[in-house]
1. Looking only at region 97-112, filter to residues that are touching a Cys at 6+ places or on another chain (Cβ under 8 Å) and within 15 Å of T302 (Cβ to Cβ); which one of those is surrounded by the most Cβ atoms within 10 Å (Cβ to Cβ)?
2. Quick one: what pairs do we get from region 352-373, first residue within 20 Å of L90 (Cβ to Cβ) and at pLDDT 90 or above, second of a type in the set (V, I, T) and assigned to a helix (DSSP H, G or I), C-beta under 8 Å, 6+ apart or different chains?
3. Report whether or not N237 is under 19 Å from C48 (Cβ atoms), surrounded by fewer than 23 Cβ atoms within 10 Å (Cβ to Cβ), over 15 Å from the mean Cα position of the chain (by Cα) and modelled with pLDDT under 95.
4. Of everything in region 114-169, what is open to solvent by 20 Å² or more (accessible area, probe 1.4 Å) and not in a helix (DSSP H, G or I)? Give them in sequence order.
5. Since G37 meets every condition but one in (1) assigned to a loop (DSSP other than H, G, I, E, B); (2) open to solvent by 20 Å² or more (accessible area, probe 1.4 Å); (3) under 28 Å from A246 (Cβ atoms); (4) not charged (D, E, K, R), which condition does it not meet?
6. Within region 348-365, count every residue that is open to solvent by less than 60 Å² (accessible area, probe 1.4 Å) and closer than 25 Å to Q206 by Cβ.
7. Of (1) surrounded by 23 or more Cβ atoms within 10 Å (Cβ to Cβ); (2) free of Cβ contacts under 8 Å to residues at least 24 places away in the same chain, F293 satisfies all except one. Which?
8. Anything in region 104-124 that is within 24 Å of F345 (Cβ to Cβ) and in contact (Cβ under 8 Å) with a residue 40 or more places away in the chain? List them, or say none.
Amino acid sequence: MVKEQFNSRFGVIMATAAGAVGLGNIWKFPYMLGQNGGAAFLVVYIVCVLLFGLPLMITEFVMGKRSGQSVRGAYQVLAGNTHWNGIPILTCLSVMLIIGVYLVITGWCVKYLLLSVFPSLPMLNGWTDILCNTIAVFISVMVVWMGVNKGIERLSKIFMPILLLIVIILAVRVAFLPGAKEGLTFLFAFDASKLSFDVVLSALGQCFYSLSIGMGALITFGSYIPKKQNVVSLVGNVIAVDTLVAVLAACAIIPAVFAYGSSPEQGPKLVFSVLPVVFQQMPGGQVMAVLFFALLCIAAITSIVSLLEVLTASLVDISAQKKHPLTRHRAILYTGGVCLLISIFCALSLTDSGNWLVWGGKTLFDHIDRLTSCYMLPLVALSTVIFFGWFVDKNVMKEEMQPHYGSRLWTIRVYYFLIRWCFPILIFLIALHSIGII
């Protein structure tokens, strides 16, 4: 079977950016910024993206592009042995659990979008969330069902420009609210006194989350890149789009919160508890609410699509060696079904009828979120940098730097110093910070 590839450079950038731009940028980034000193966090985050995110994204892209395989096959092709099979297994397991959590949050986005359009629409607590989860997974499965070109690339070319337009409209509208200036000052007036070790580690962790590092999507999408494409410039473009959306989302949320007397330090509930109240008080607030929750839905679904593609491509590759290999369509039905089931249990754990899914004072949703973000993703990322830094031939990265390798010798040396010595330490520190040890 001939492997699909992206048709254009624009398609690669839009598809990868659509996968990276998600709830991490629009839901999590603004509240992380609000909790960590505003501009101080923003400056550290941008530095982390350039020094940490850029090389790691290049690494995962090169793994996919060079091997031409999904997550499952990339390690075997590049290392020439099967000792690293545990990493793709762990990656796919963590992605499956992440999608389950993502679907719950996406269900909330869908619910709030419906309530913004139809304020009198009755909502039946947890069962409404499950229905909205199902809607989200159905849309995502249909996109992946249509394939790389007709589904993922086409959707991204449509949705990413729409997403950018919506977030720009929101940011501009909010900037003219009375009192918004205080929020913009909080975002962009750098105060060195708010810098701390905790802020740095939080920014590093957010860099992971926003750029989809360690989730296998970059490896999978890298395998669809035409061989002639320059990985470094592609990653630079993707990071530029991703960071722009995150900053614009913060510009649309934080000043609005300040304008109506709320605190930006509300944490995860900032988007779903504080903003709906803000929109109710704002002139033209219903239109703003519809635009904002449409933005969240688009970002969430494009992220789920990219993660479902990780599982689908890996399952197809695994079954290709069997007597009866799976078709892409059957693989996406299996992966989508399992992820929906996980999300249903996660959603039930947040309802009164889901007490049996609560232990240790935490819901199943909380446990899975903590397991993936604090343990599984850091372990995958740590394994990936050790694998590529120490066990993959250096010529792989050198050849990907062509045709101008001679002028970039210092870049290769810096890259390997970072990936071999600095990144493992940083990832380990992020994990300890996420767990709460430091």
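The values are calculated or read from the model by the stated rules, or taken from the named source; none is laboratory data. Quick caveat, the model's predicted, so the values are computed rather than measured. Here Cβ is always computed from backbone atoms with ideal geometry, including for glycine, and neighbour counts include all displayed protein chains. These accessible areas exclude ligands, DNA and RNA; they are computed on the full protein's heavy atoms, side chains included. Shrake-Rupley method; radii C 1.70, N 1.55, O 1.52, S 1.80 Å.
1. Of all residues in region 97-112, those touching a Cys at 6+ places or on another chain (Cβ under 8 Å) come to 99-101, 103-104, 106-111.
From what is left, the residues that are within 15 Å of T302 (Cβ to Cβ) are 99, 103, 106, 109-110.
Numbers: I99: 27, L103: 31, T106: 28, C109: 26, V110: 25.
My answer is L103.
2. Listed pairs, sorted by first residue: I368/V101; I368/I342; D369/V101; T372/I98; T372/V101.
3. Numbers: under 19 Å from C48 (Cβ atoms): yes; surrounded by fewer than 23 Cβ atoms within 10 Å (Cβ to Cβ): yes; over 15 Å from the mean Cα position of the chain (by Cα): yes; modelled with pLDDT under 95: yes.
Spelling it out, N237 is indeed under 19 Å from C48 (Cβ atoms), surrounded by fewer than 23 Cβ atoms within 10 Å (Cβ to Cβ), over 15 Å from the mean Cα position of the chain (by Cα) and modelled with pLDDT under 95.
4. Those that are open to solvent by 20 Å² or more (accessible area, probe 1.4 Å) and not in a helix (DSSP H, G or I): F118, P119, S120, L121, P122, M123, L124, M146.
5. Condition not satisfied by G37: (2).
6. So the count comes out to 3.
7. Among (1) surrounded by 23 or more Cβ atoms within 10 Å (Cβ to Cβ); (2) free of Cβ contacts under 8 Å to residues at least 24 places away in the same chain, F293 violates only (2).
8. The answer is V104, I105, T106, G107, W108, C109, V110, Y112, L113.
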